[in-house]
Amino acid sequence: FGAASAVNVANSERNRFRGVLLHDLWPFPLPDGVLDAGVDVPCLSILSQPFSESPEVVYTKRLLRNSRLASNMYI
């Protein structure tokens, strides 16, 4: 569950990170405020097939849509 932690740390310590890699983000630990604010640093989200087809992918897309510089890859 490191991707959700990476989002929280990147937003709280934004001057210390140039970007984050979010591999198979499980977004349920992230509150609505974080999903709506997005990530403050550039981020790359990589989703495997199970994560890209799961019901929670709408939350991941919401986070990325609200992020400053975000890219998404499906593997």
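The values are calculated or read from the model by the stated rules, or taken from the named source; none is laboratory data. Here the structure is a predicted model, which means the values were calculated and not measured. We place every Cβ from the backbone using ideal geometry, glycine too, and count neighbours over all the protein chains shown. These area figures cover heavy atoms from the full protein model, side chains too; ligands, DNA and RNA do not enter into them. Shrake-Rupley method; radii C 1.70, N 1.55, O 1.52, S 1.80 Å.
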TODO: Over the chain, calculate the relative contact order: mean separation of alpha carbon pairs under 8 Å at least 6 apart, over the residue count, as a percent.
DONE: 33
Open item on the list: List the trypsin sites (Lys or Arg not before Pro) within region 14-75 that DSSP assigns to loop and that have no more than 16 neighbouring Cβ atoms inside 10 Å.
Closed with: 18, 68
- [ ] Pull up all non-local amide H partners of residue 70: gap of 5 or more, or a different chain, and H-to-H distance under 5 Å with H placed in the peptide plane.
- [x] 43
Open item on the list: Whole-Hz ³J(HN,Hα) for each residue in region 33-38, computed from phi via Karplus 6.51 cos²θ - 1.76 cosθ + 1.60 with θ = phi - 60°, x for glycine and proline: what do you get?
Closed with: x, 6, 4, 7, 7, x
- [ ] Go through region 10-75 and name the chymotrypsin sites (Phe, Trp or Tyr not before Pro) that are in a DSSP coil and have 11 or fewer other Cβ atoms within 10 Å of their Cβ.
- [x] none
TODO: Report, to the nearest whole %, how much of the accessible area of the chain belongs to carbon and sulfur atoms, 1.4 Å probe, protein only.
DONE: 55
TODO: Please list the non-local residues whose amide H lies under 5 Å from the amide H of residue 22, H modeled 1.01 Å from N, same-chain partners needing a gap of 5 or more.
DONE: 44, 45, 46
TODO: Pop out the ³J(HN,Hα) list for region 48-57 in order, Karplus 6.51 cos²θ - 1.76 cosθ + 1.60 with θ = phi - 60°, rounded to Hz; leave Gly and Pro as x.
DONE: 6, 4, x, 6, 6, 9, 7, x, 7, 4
TODO: Determine the per residue accessible area of the chain with all protein chains present and a 1.4 angstrom probe, expressed in square angstrom.
DONE: 60
TODO: Within region 1-19, which residues have the backbone N less than 16 Å from the label spot 7 Å out from residue 37 along Cα→beta-carbon, could you tell me?
DONE: 4-17
- [ ] Relative to the longest principal axis of the C-alpha atoms of the chain, give the angle of the C-alpha long axis of helix 2-12, reported between 0 and 90° and rounded to the nearest 10°.
- [x] 30
TODO: Please give the length that would be gained between residue 49 and residue 9 if that part of the chain were fully extended, namely 0.36 nm times their separation in residues minus their C-alpha to C-alpha distance (nm, one decimal).
DONE: 11.8 nm
